[in-house]
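Asks: Handing you a structure now.
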């Protein structure tokens, strides 16, 4: 399942923001009631999350959960910016209850076949370490930041088709280039946009059912957050598998987030 609407909305968001940026304020103007400069002094985001995973060979599935992210922003040319999130923390909140429910159903002689248990046949998410982007400010203006750097993290990815593991399958350590862009359209808000392309370097899982020589996949991420001086934000993150092998597998994960800036 492809998501052209997500990409179109992302581009439209940037275009609208750019149209307003000339009349915007500065990053340092965005403060809460107590005078805290949210862009540079906030460190955490606690949020509710809706996740939808769509794959080529297995049934799609979705769930609600909670998660937390870590952020650090510096202003000025040469300043550094950090984004970190471990999506697994949120995933476990709905996987564990459904695992228990499945076990109870099997114990009672019932085989669950509903869509909500489809995650058992397909995994597309983070691993133990999560996903991080570390960038350096290249272009800095009062209302605009362009930063470039590196991305790194781990991915758990794989599909079972008719009970058989299919390539690509594994636990991948990955790294690649990353870009962050931020705009201030008004004194009470700012918008962050980011993208990264992670190249799998190591597969930490070996299986007799899969081909050890199968090309390791890449992962592409595109996302944006709308942040306010009320210490609330809404965001969207799109992560897609890039299968470089003959199976031409396709999978994408869409996370929609609403929460608090701390």
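The values are calculated or read from the model by the stated rules, or taken from the named source; none is laboratory data. What you see is a predicted model, and the numbers here were worked out from it, not measured in a lab. Cβ coordinates were reconstructed from backbone atoms using ideal geometry, including for glycine residues, and neighbour counts include every protein chain displayed.
Asks: With 103, 63, 9, 19 as the choices, which residue is touching a helix residue (DSSP H, G or I) at 6+ places or on another chain (Cβ under 6 Å) and modelled with pLDDT under 95?
Replies: Numbers: 103 fails: touching a helix residue (DSSP H, G or I) at 6+ places or on another chain (Cβ under 6 Å); 9 fails: touching a helix residue (DSSP H, G or I) at 6+ places or on another chain (Cβ under 6 Å); 19 fails: touching a helix residue (DSSP H, G or I) at 6+ places or on another chain (Cβ under 6 Å).
Being touching a helix residue (DSSP H, G or I) at 6+ places or on another chain (Cβ under 6 Å) and modelled with pLDDT under 95 holds for just one of 103, 63, 9, 19, which is 63.
Asks: Pick from the stretch 39-85 the residues that are in contact with a strand residue (DSSP E or B) (Cβ under 6 Å, 6 or more places away or on another chain) and in a helix (DSSP H, G or I): which of them is nearest to residue 225 (Cα to Cα)?
Replies: That would be 39.
Asks: Would you mention how many residues in the stretch 216-242 are more than 23 Å from residue 67 (Cβ to Cβ) and exposed (fewer than 14 other Cβ atoms within 10 Å of the Cβ)?
Replies: 0
Asks: Among the numbered criteria (1) over 27 Å from residue 223 (Cα atoms); (2) surrounded by 11 or more Cβ atoms within 10 Å (Cβ to Cβ); (3) at pLDDT 65 or above, which one does residue 125 miss?
Replies: Checking residue 125 against (1) over 27 Å from residue 223 (Cα atoms); (2) surrounded by 11 or more Cβ atoms within 10 Å (Cβ to Cβ); (3) at pLDDT 65 or above, the one that fails is (1).
Asks: Out of everything in the stretch 141-170 that is part of a strand (DSSP E or B) and out of contact with any strand residue (DSSP E or B) (no Cβ under 8 Å at 6 or more places or on another chain), what residue ends up being farthest from residue 54 (Cα to Cα)?
Replies: Here the residue is 164.
Asks: May I ask you to verify whether residue 180 is under 17 Å from the mean Cα position of the chain (by Cα) and farther than 20 Å from residue 52 by Cβ?
Replies: Working: under 17 Å from the mean Cα position of the chain (by Cα): yes; farther than 20 Å from residue 52 by Cβ: yes.
So residue 180 fits the description; yes.
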